[in-house]
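The next block holds one structure in the form of structure tokens; read it before the comments.
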Amino acid sequence: MPATSSVDPLHPWRSDPIIRRVAVNYPLDQIEMLLHDGGLPLSQNKPEVCLVEIEAMPSPGLFQGKVRGTVEHLPNVQTGDNVQFVLSDAMECGVLVTKTMLNERSNWSVFPCKQCGFDELLAPPSKLIPALYPDLPAEPQTFTSVCGLCGGEQFVTHGSLNIQPKRKPVRRDWSITALVAFCVGCAALGALPGLLMFFTVWPAPAPLVIALFGAIIGGGLSIPGVSSERVGAGVTGLMIAKNVPGGKQVADKMIQPPTERDIDPVSKWLTRKLIQFLTPHCPKPRSWVVFFGVGCGLILGLSTISHDQAAMAAQRETYLLPIPGSKDPPTTQALMVAIMFAVWGGSIGGLLASKTYRRFVLLGALISAVGGLFLWLLMLAGNGNPSYLMAFGFISVLVLSAMLISAFFSANVDWRGEEELELPLDD
């Protein structure tokens with residue numbers, strides 16, 4: 001019996017590897033696309049990232065769709081226009097192409113940008129070469145172009161690149177479990193000095209601040225692509241600015257701000273990715289999971305309130321009530337606790353309901369750890385030492401934050417190891 005094809009004949013683009021990988025972040029048959037009018041040096045208008053609804057796939061690797069998002073400052077593209085685009089392997093998004101670019105694209109090979117990794121040209125070489133090298137008598141076989149995304153350098157050659165990697169160990173792709181464990185481990189390692197000081201010789205809030213600072217640095221350095229030099233310069237500059245008279249001027253010289261081209265569209269793209277990750281499209285919302293979480297949290301909160309009210313009447317030790325430092329009447333405090341438990345349960349239910357978050361081990365040990373530490377914090381809140389409660393809360397927030405940061409960067413960053421490449425050119 002012949003094997004059936006997994007390609008949908010009515011929607012062939014859905015089987016494309018890049019679209020399948022990023023489809024969970026967008027509405028059905030929509031993807032982010034880089035809109036432009038040629039980019040540097042032909043145009044000073046900055047590229048924009050916008051959603052496009054895919055309608056057809058005229059040929060392998062070429063897609064056709066309709067612009068759905070708002071176009072701010074590009075004169076050649078408007079909302080609702082039909083456009084053609086190709087997919088960028090590096091950025092995992094569409095790139096607008098013109099007919100001229102399509103005709104010339106197959107005759108040239110583009111090496112990824114040295115700064116951002118972008119692997120497409122925004123304008124055809126026949127227009128780029130005269131703009132970049134006006135004095136050349138003939139069209140070169142190789143040239144260096146300006147990256148239309150960040151302004152870096154792209155090596156372009158006529159013909160195809162026969163890329164042969166040198167023999168060098170290459171890291172395997174990270175599994176989700178290993179990724180989360182690595183991020184949590186690095187953050188915990190960064191927090192270790194401060195926590196050791198807190199639990200041994202200095203039981204005060206200051207070591208917890210040191211631990212939190214170390215956790216941020218450790219977690220940040222665990223993300224591939226993050227420059228340890230820039231992180232070190234940033235930390236040193238911050239310490240100088242806060243503790244040395246006139247240090248702000250020194251810190252400003254140490255920390256070079258990004259150029260305007262770097263801020264837009266790269267930072268704008270990252271912000272949109274973060275928003276889409278935090279509010280993912282969920283084709284099957286499973287609202288009952290959220291309501292079930294709210295119900296469980298409400299039951300747990302009411303049980304805690306009932307226990308504490310009975311304990312206060314009998315003058316026994318309570319779990320949570322009365323809330324330390326609160327001037328609200330007992331009824332208001334009880335209502336606040338019930339709402340807090342319900343929101344907590346609903347939030348956990350919402351995480352479990354979304355496929356985007358279920359992929360990142362939220363059904364496993366980390367959810368249990370975060371939930372257990374949170375309950376432990378609540379039970380100790382009534383009579384526990386405030387400093388130790390800060391430590392418990394810090395650990396709980398650390399685990400949850402590291403998990404979500406790992407999930408976001410796993411969805412939006414290429415984790416493959418880089419190879420040293422030799423580039424014999426085949427014309």
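Rule-based calculations on the coordinates, nothing more; no lab input. The structure presented is a predicted model; accordingly, all values stated were derived computationally and were not measured. All Cβ positions, even for glycine, are placed from backbone atoms using ideal geometry, and neighbour counts span all protein chains on display.
Couple of notes before you dig in:
- The order of the peptides 71-81, 28-38, 9-19, 132-142 by mean Cβ neighbours within 10 Å, most packed first, is 28-38, 9-19, 71-81, 132-142.
- Where N is the number of residues in the stretch 12-161, Cα Rg divided by 2.2 N^0.38 Å: 1.03
- The peptide list 296-306, 186-196, put in order of mean Cβ contacts within 10 Å with the highest first, becomes 186-196, 296-306.
- DSSP beta bridges fully contained in the stretch 12-161 are about 95 percent antiparallel.
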